[in-house]
Amino acid sequence: MFSSWEQLKVVGPGHPLTATVGQSIVLPCELSPSSNAQSMAVRWIRHHISETVHHYRDGEDQFVEQMREYQGRTVLSHDGLSRGSLDLRILSVRPSDDGTYICTVEGAAGYAEATVELEVAGVLVAHLPFPP
C-alpha cells in the first residue's frame, strides 16, 4: 500500500513502439513502485478522455465508453494488474492505430499517467519484375 509520502507514478517504455498492420502489439505501462492495481481505475485513451481505448474499473473491463474502432481488439491483463502491470494488448493492428496513447491510473494514492507512442508500419507488397 502507498504511504502518504509516496506518490503514484506510471512508467511507459520511453521510446516509440513499432507495430505491423494485422499483428498484435503490447503497449507497456506499469506502476512504479510496483503494486497491486486491481482496485484502481485504469484507462487507456488517445488524445482526450472522450477517446477511450480501454477502461478498467471496479475489478472489471468497462466497454460502454470504448471507441468503436477498438471494440473487440483490446486486452488488459487482469493477472498483470496484481503486479502493477497496466500493459494493453491491441489485436489486429490497423493503420489508424498509429499515434499517441495515454495510460492513466487513478486510485487512493492519486492520479498518474504515461504516454506511449505507436508507429504502425504498413505491409507493402511490391510487384517488381524479376530480372531476366
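The values are calculated or read from the model by the stated rules, or taken from the named source; none is laboratory data. Keep in mind that this is a model prediction, so the values were computed, not measured. Neighbour counts are summed over all protein chains in view; Cβ atoms, including those assigned to glycine, are modelled from backbone coordinates with ideal geometry. Side chains are part of the model used for accessible areas, which takes the heavy atoms of the whole protein and leaves out ligands, DNA and RNA. Shrake-Rupley method; radii C 1.70, N 1.55, O 1.52, S 1.80 Å.
Scanning region 71-81 for residues that are surrounded by 12 or more Cβ atoms within 10 Å (Cβ to Cβ), at pLDDT 95 or above and in a loop (DSSP other than H, G, I, E, B) turns up just one, ARG73. Tell me, please, whether a residue that is among the basic types (Lys, Arg), in a strand (DSSP E or B) and open to solvent by 70 Å² or more (accessible area, probe 1.4 Å) can be found in region 36-55. The answer is no; no qualifying residue exists.
Within region 24-35, if we keep just the residues that are part of a loop (DSSP other than H, G, I, E, B) and within 20 Å of THR100 (Cβ to Cβ), the residue that is most open to solvent (accessible area, probe 1.4 Å) turns out to be SER24. Listed conditions (1) in a strand (DSSP E or B); (2) touching a helix residue (DSSP H, G or I) at 6+ places or on another chain (Cβ under 8 Å) are all met by SER96, apart from (1). Note on region 56-70: residues that are assigned to a helix (DSSP H, G or I) and either loosely packed, with under 12 Cβ neighbours inside 10 Å or in contact with a helix residue (DSSP H, G or I) (Cβ under 8 Å, 6 or more places away or on another chain) (or both) amount to 2. Among the residues of region 82-96, those identified as surrounded by fewer than 19 Cβ atoms within 10 Å (Cβ to Cβ) and more than 13 Å from the chain's Cα centre (by Cα) are SER82, ARG83, SER92, ARG94, PRO95, SER96. Within region 105-114, identify whether any single residue is modelled with pLDDT under 95, surrounded by 18 or more Cβ atoms within 10 Å (Cβ to Cβ) and in a loop (DSSP other than H, G, I, E, B), and answer yes or no. Yes, region 105-114 contains at least one residue that is modelled with pLDDT under 95, surrounded by 18 or more Cβ atoms within 10 Å (Cβ to Cβ) and in a loop (DSSP other than H, G, I, E, B). Which pairs have Cβ atoms under 6 Å, sit 6 or more apart or on different chains, and link a residue in region 10-23 that is more than 17 Å from LEU86 (Cα to Cα) and open to solvent by less than 70 Å² (accessible area, probe 1.4 Å) to one that is in a loop (DSSP other than H, G, I, E, B) and modelled with pLDDT of 95 or more? From residues that are more than 17 Å from LEU86 (Cα to Cα) and open to solvent by less than 70 Å² (accessible area, probe 1.4 Å), the pairs are ALA19/VAL93; VAL21/VAL93.
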